[in-house]
Amino acid sequence: REVTWFSRLTKVIVNIKYRQRWNEKMSEKVYEIIEVAKATGKVRKGTNEVTKLIEKGQAKFVAYAADITPKEIVMHLPLLCKEKGVPCAEVASKEELGAAAGMSVSTASVAVMNEGEAKQLIADLATE
C-alpha cells in the first residue's frame, strides 16, 4: 500500500495533543458543555463561523464531529486550536453535536464564544 502525503499528514494530526480522540464519556461531557453554554452563554455553529472565532481569539472551546465526510472540512480546526491555545475536542456524531447546539440538523463544528455557567466544565475537560 502506497503511503501518500495525505495519510502522513492525517497521522500527524491524530497525534496532536489538543485533539482528544472521542470516547463515550468524553463525548457526553462535550455535549453537556455545549448545552450549558447555549443556555447560559453563547455558541456559534458551522465550520466557517468556528474558524473565524478561533482566528479572532474569541473561541473559548471548540468541538467538531468525527463522522464528517470529507475530513478536510474540519481537519484544520485542531491545528488552529493548538496555535491559539483553545481547548478542542472531537465527538462521535454530527447529529448529536447539532442537537446539543439546539439545532434540528447536524453540524460539523461548534464553538463556545461565551461560556456562561459552562466555564468550570470547560476547565475540567481541558485538564483531562
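The values are calculated or read from the model by the stated rules, or taken from the named source; none is laboratory data. Predicted model only: the values in this text are computed from it and were never measured. Virtual Cβ from ideal backbone geometry, glycine too; neighbours counted across all protein chains shown. Accessible surface is based on the protein model in full, side chains and every heavy atom, while ligands, DNA and RNA are left aside. Shrake-Rupley method; radii C 1.70, N 1.55, O 1.52, S 1.80 Å.
Quick one: which residue in V105, V36, V86 is of a type in the set (A, V, I, L, M, F, W, C), in a loop (DSSP other than H, G, I, E, B) and over 13 Å from the mean Cα position of the chain (by Cα)?
Working: V36 fails: in a loop (DSSP other than H, G, I, E, B); V86 fails: over 13 Å from the mean Cα position of the chain (by Cα).
After ruling out the rest, the residue left standing is V105.
Filter region 77-109 down to the residues that are out of contact with any strand residue (DSSP E or B) (no Cβ under 9 Å at 6 or more places or on another chain) and either of a type in the set (V, I, T) or over 24 Å from D124 (Cα atoms) (or both) and list them by number. Break it down stepwise before answering.
If we filter region 77-109 for residues that are out of contact with any strand residue (DSSP E or B) (no Cβ under 9 Å at 6 or more places or on another chain), which is where we start, we get 79, 83-85, 99, 104-105.
Of everything in region 77-109, those that are out of contact with any strand residue (DSSP E or B) (no Cβ under 9 Å at 6 or more places or on another chain) and either of a type in the set (V, I, T) or over 24 Å from D124 (Cα atoms) (or both) turn out to be S104, V105.
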Just to check your reading of the model, which residue among K38, K82, K52 is over 19 Å from E128 (Cβ atoms), open to solvent by 30 Å² or more (accessible area, probe 1.4 Å) and at pLDDT below 95? K38
Going through L125, L79, L97 one at a time, which residue ends up being more than 19 Å from T40 (Cβ to Cβ), part of a helix (DSSP H, G or I) and either of a type in the set (K, R) or in contact with a helix residue (DSSP H, G or I) (Cβ under 8 Å, 6 or more places away or on another chain) (or both)? L79
